[in-house]
Amino acid sequence: MNMRKYIIPIFVTFLMASPIIGLAQDINTNNLTTINYIDSALIKKHYKKIDTSRITIEFNRVTGIASFYSKTLDGTLTSTGERYRNIKYTAASNFFKLNTLVRVTNLKNGKSVLVRINDHMHPNMMRKGRVVDLSQVAAKKLLFKSHGIVRVNVEALGYSKMNPTN
């Protein structure tokens with residue numbers, strides 16, 4: 001009896017019925033990239049200032065606290081040489097390279113926003129557990145509360161010189 005003709009259809013049926021196939025769309029493409037968007041040199045330089053009890057650093061992902069820029073900083077120069085605008089989807093971070101597109105997700109409500117890193121934060125912000133400083137419009141999209149900080153997950157997606165429109 002030829003077992004091959006029975007085994008192959010059973011195997012194909014198993015694959016089609018498997019829940020793994022249904023989850024294929026949920027694969028996080030960031031884990032598949034070999035490009036490192038984390039600014040290792042800046043992290044190494046300020047390592048002693050990083051509050052490791054509140055900040056977690058993984059490959060292309062950082063978890064910690066987000067804050068937002070003051071309205072009074074509108075029009076000031078950023079590290080990329082452009083002017084900061086409250087109405088653009090931009091952010092400052094000492095963990096990612098400049099012009100990195102990142103997805104910032106509010107861990108309390110699951111809301112997320114795409115922003116471009118165009119500035120660096122003051123190194124002392126890392127002592128407070130801060131990983132990203134968002135523009136006003138991005139903070140509104142994440143539904144910040146009145147105290148101005150929220151726990152977030154920040155994932156690198158790629159490079160771009162253009163701001164996302166969300």
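Side notes on the structure shown:
- Residue selected from segment 148-166 under the condition of a type in the set (Gly, Ala, Ser) and on the phi < 0 side of the Ramachandran plot, by the criterion modelled with the highest pLDDT: Ala156
- For Ile35, the criteria (1) assigned to a loop (DSSP other than H, G, I, E, B); (2) under 15 Å from Leu157 (Cβ atoms); (3) at pLDDT 90 or above hold in every case but one, which is (3).
- All of Lys108, Lys161 fail the test of being among the basic types (Lys, Arg) and closer than 24 Å to Thr76 by Cα, apart from Lys161.
- One residue alone among Lys111, Lys97, Lys71, Lys88 is under 15 Å from Asn166 (Cα atoms) and in contact (Cβ under 8 Å) with a residue 60 or more places away in the chain, and that residue is Lys88.
- Only one of the numbered conditions (1) at pLDDT 90 or above; (2) aliphatic (A, V, I, L, M); (3) over 25 Å from Lys49 (Cβ atoms) is violated by Ala92, and that is (3).
- Residue check for Gly81: farther than 22 Å from Phe144 by Cα, at pLDDT 90 or above and exposed (fewer than 10 other Cβ atoms within 10 Å of the Cβ): yes
The values are calculated or read from the model by the stated rules, or taken from the named source; none is laboratory data. Keep in mind that this is a model prediction, so the values were computed, not measured. Backbone-built Cβ (ideal geometry, glycine too); neighbour counts: all protein chains shown.
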